[in-house]
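The next block holds one structure in the form of structure tokens; read it before the comments.
The values are calculated or read from the model by the stated rules, or taken from the named source; none is laboratory data. Given the structure is predicted, the values throughout are model-derived calculations rather than measurements. Cβ placement follows ideal geometry from the backbone for every residue including glycine, while neighbour counts extend to all protein chains displayed.
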Amino acid sequence: MCDSCLNALRPSPRVVQRGILGWSAVDYGTVATNAINAYKERGRTALLGTFCELLDDVDLPPNINLVGLPSSQIATRKRGFVPAELLADRLGRRRGTRSSHALIFAKKIADQSGLTRVEREANLSGSMLAKPVAGPVWLVDDVITTGASMREAVRAMEFAGNQVTGFVTIAETILKVGS
């Protein structure tokens, strides 16, 4: 990543509330969008180090288990990896904590990008399954928008007997009033 882009991604971690409290490092603006898309859609996994650096100022509780949100089967086949799981793994190694691949989609879902808040909730409702993991869980994803994916992940994790205590994302989409 060029120096100009790194400077534009100056992290300003803040608490985010989307039905559960968590943290995001940057706004989902042009540079963050381009970097995250390069990682997810063009396989630029070398950006994981930069993403983890952006999250350095987020205080993660001790003894947590980082669980990345799943990708659809189609996206996973296309990319060859699950972006949030790789981020959780790398962040876990950097922070000396566990990470687990404990979430999957149990049903087919539509692409969330063009959906309204209500449509996102309906699309994801009951879509994930989880397995039990050791210790309290923090969920990991690249971007949080309405929080529908995060809330569904919390539901699935808690149904499996896990205790979700927070989340962390690289970026937050700043929602417009009424969206």
*asked:* Looking at ILE74 and the list (1) in a helix (DSSP H, G or I); (2) touching a helix residue (DSSP H, G or I) at 6+ places or on another chain (Cβ under 9 Å); (3) surrounded by fewer than 15 Cβ atoms within 10 Å (Cβ to Cβ), which single condition is not satisfied?
replied: (2)
*asked:* Can you find a residue that is exposed (fewer than 13 other Cβ atoms within 10 Å of the Cβ), outside any helix (DSSP H, G or I), in contact (Cβ under 8 Å) with a residue 12 or more places away in the chain and under 15 Å from the mean Cα position of the chain (by Cα) anywhere in segment 21-40?
replied: yes
*Check segment 94-104 and report whether any residue there is within 21 Å of THR145 (Cα to Cα) and surrounded by fewer than 18 Cβ atoms within 10 Å (Cβ to Cβ).*
yes
_So SER125 passes all but one of these: (1) more than 23 Å from VAL26 (Cβ to Cβ); (2) among the polar types (S, T, N, Q); (3) in contact (Cβ under 8 Å) with a residue 60 or more places away in the chain. Which condition number does it fail?_
(3)
*Single match in ALA32, ALA38 (criterion: farther than 14 Å from ASP141 by Cβ, at pLDDT 90 or above and out of contact with any Cys (no Cβ under 8 Å at 6 or more places or on another chain))*: ALA38
*Check ILE170 against each of (1) farther than 21 Å from ILE36 by Cα; (2) touching an Asp or Glu at 6+ places or on another chain (Cβ under 6 Å); (3) modelled with pLDDT of 95 or more and name the one condition it does not meet.*
(1)
*Please go through segment 149-171 and pick out each residue that is in a helix (DSSP H, G or I), surrounded by fewer than 23 Cβ atoms within 10 Å (Cβ to Cβ) and touching a Lys or Arg at 6+ places or on another chain (Cβ under 8 Å).*
ARG151
*Across segment 113-133, which residue is surrounded by the fewest Cβ atoms within 10 Å (Cβ to Cβ) among those that are within 16 Å of ALA156 (Cβ to Cβ) and of a type in the set (Ser, Thr, Tyr)?*
SER125
*Does ALA110 fit the bill of being touching a strand residue (DSSP E or B) at 6+ places or on another chain (Cβ under 7 Å), surrounded by fewer than 21 Cβ atoms within 10 Å (Cβ to Cβ), modelled with pLDDT under 95 and in a loop (DSSP other than H, G, I, E, B)?*
no
*Has segment 56-76 got at least one residue that is closer than 24 Å to PRO11 by Cβ, among the β-branched types (Val, Ile, Thr) and more than 15 Å from the chain's Cα centre (by Cα)?*
yes
*Subset of segment 131-167 [touching a helix residue (DSSP H, G or I) at 6+ places or on another chain (Cβ under 6 Å) and aromatic (Phe, Trp, Tyr)]*: PHE167
*Please work out which one of (1) under 23 Å from SER71 (Cβ atoms); (2) in contact with a strand residue (DSSP E or B) (Cβ under 8 Å, 6 or more places away or on another chain) is the condition LEU21 fails and give its number.*
(1)
